Ligand code: ATP
């Protein structure tokens, strides 16, 4: 069954994701996150941080600025070559990524030079198979380079349009990590091997951004750069690959949902690059969610060269002085959010009716517990339910709902993935127990009001 439109419409209907600037007619490839989307995104971010920083001795955190000295992006090569090959349709004026057009013919043009791409496009053109995916016209331009860098200007108002004060919105968060490598070493008593992790916004002027929040022009990345001696690269690379794979399984993704994609064409400084791909039902197939790359010492060498600063490391034991090599894990937070919604979405038949439910891992659910009075017009039930809600909310993200009937309230909570609903009824007033309904099994159990907090603590500790 094709769920994709149902999933996307649910995310708007239930306040997860809104297209940006809708009242002005929209703004392509940019999205806003509503209440539940924000809660879910924060929970995913926290789950990443927990495993990448909190539970490790060898990774520290960072929150670097979005604006950086413009030379940063010259040193890293982004100003000169962070681009994608673009093809335009002369008829309908739509714009396409040439490597994606070739992919449809089974040709892997990932990171290939423009000459290669144009030769391959020409072959397909001669076979009269090259068509605009939008209007079907064969009148497509040659591929040309399209920079993904988003420019801005800083300075006094009169300078605003000058080329001299151009700054770039970072296209990836790791740039800030390289720039703070030296301060981190100097202030935090870290020793190699160690990592620096950060979460933050990144900006790319993507040519094509049509796959909902999969590829957007503003997004959040969660990146970790691990600094090490090259002799242990292989060992640490394998360890991190395993750690990242396990993270997905920990949060409800199964072995059959994900796979490794090995990059055949590597950047000249890299020794290995794998992606984790998730099989999106919304996008009809496997797509990259995370990259794990062995990057050599290119980044620190370049920043050392362009800044004139010493970015070497001296091994205390051997006295060896060297520029650390880096392996990185890099994942899009919004892409993970899409993945978790895609995975959680279920349509079930319950007594002839369709139940839509988001079966998130309970720790990721935006709301953990919803509390209802059985009837809205009975003040004693409402007061009791309110009191329970107030007692639980310091520990759990809770929601109080007394609108509509119980069935409607369950349906609303199922659609945002709330694992537990508590209903206060007349028995609760007399005997002090409430009904707790489980999202996945729809089973209901009676729990004493006094024991509710520890009951939920136990459930969430056990997932
Ligand atoms: P692609 O080949 O799909 O353009 P990439 O290989 O350039 O992506 P990286 O630079 O390795 O991507 O970025 C690391 C991660 O950041 C990606 O795996 C993805 O999860 C996320 N990401 C990259 N670009 C975008 C985007 N435009 N929108 C949302 N997430 C993104």
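Each reported figure results from applying straightforward, stated rules to the coordinates on display, with no laboratory input. Remember, predicted model here, so these are calculated numbers, not experimental data. Methodologically, a virtual Cβ is constructed for each residue, glycine included, from the backbone with ideal geometry; neighbour enumeration extends over all protein chains shown.
Could you work out the relative contact order of the chain? I mean the mean sequence separation of Cα pairs under 8 Å and 6+ apart, divided by the number of residues, in percent.
Details: 807 pairs, mean separation 60.5, N = 463.
Relative contact order, the chain: 13 percent.
Relative contact order of segment 367-461: what whole-number percent is it, with Cα pairs under 8 angstrom and at least 6 residues apart?
On the way: 150 pairs, mean separation 26.3, N = 95.
It rounds to 28 percent for segment 367-461.
Please state, rounded to one decimal and in Å, the Kirkwood hydrodynamic radius that segment 367-461 gives when every pair of distinct Cα atoms enters the mean of 1/r.
Kirkwood hydrodynamic radius for segment 367-461: 13.0 Å.
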Could you give me the radius of gyration and the Dmax of the chain, taking only the C-alpha atoms into account and expressing both in angstrom? 25.7, 82
Theoretical FRET efficiency, 1/(1+(r/R0)^6), r = Cβ-Cβ of residue 208 and residue 35, R0 41 Å, to 0.05: 0.85
Peptides ranked, highest mean first, by Cβ atoms within 10 Å: ranges 268-278, 184-194, 35-45: 35-45, 268-278, 184-194
With angles folded into 0 to 90 degrees, how steeply does helix 114-126 sit against the dominant principal axis of the chain? Use alpha carbons for both and round to 10. 80
With bins 10 Å wide starting at 0, give me the P(r) of segment 83-147 over every alpha carbon pair, in whole percents. 24, 61, 15
0 to 90° range, to nearest 10: angle between helix 35-49 axis and the chain longest Cα axis: 60
Report the antiparallel proportion of the DSSP beta bridges in segment 367-461 as a percent, rounded to a multiple of 5. 55
Fully extended, how many nm does the chain gain between residue 148 and residue 95 (0.36 nm per residue separation, minus their Cα-Cα distance)? 17.7 nm
Between segment 293-332 and segment 362-402, how many Å separate their Cα centres? 52
What percentages, rounded to whole numbers, describe P(r) for segment 1-147 computed over all alpha carbon pairs with 10 Å bin width beginning at zero? 9, 21, 23, 32, 13, 2
Dividing the alpha-carbon Rg of segment 190-282 by 2.2 N^0.38 Å yields what? 1.27
To the nearest 10 degrees, how steeply does helix 452-461 sit against the main Cα axis of the chain, on a 0 to 90 scale? 30
At residue 400 and residue 261, where each label point lies 7 Å from the Cα along Cα→Cβ, what is the point-to-point distance in nanometres? 4.8
Ranked on Cβ counts within 10 Å of their own Cβ, fewest leading, 424, 382 go 382, 424
Any idea how far apart residue 55 and residue 103 come out in nm if each label point goes 7 Å out from Cα toward Cβ? 3.1
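Nearest 5 percent is fine: what portion of the DSSP beta bridges confined to segment 83-147 is antiparallel? The partial results should precede the final answer.
Details: 8 of 8 bridges.
Counting only bridges with both partners in segment 83-147, antiparallel ones make up about 100 percent.
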Per the helix-only calculation at 222 nm, which mean residue ellipticity applies to the chain, given -39500 (n - 2.57) for every DSSP H run of n ≥ 4 and division by its residues, nearest 500 deg cm²/dmol? -9500 deg cm²/dmol
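For a quick protection proxy, order the peptides 319-330, 71-82 by their average other-Cβ count within 10 Å, most packed first.
On the way: 319-330: 18.7, 71-82: 16.6.
Ranked from most to least packed, the peptides come out as 319-330, 71-82.
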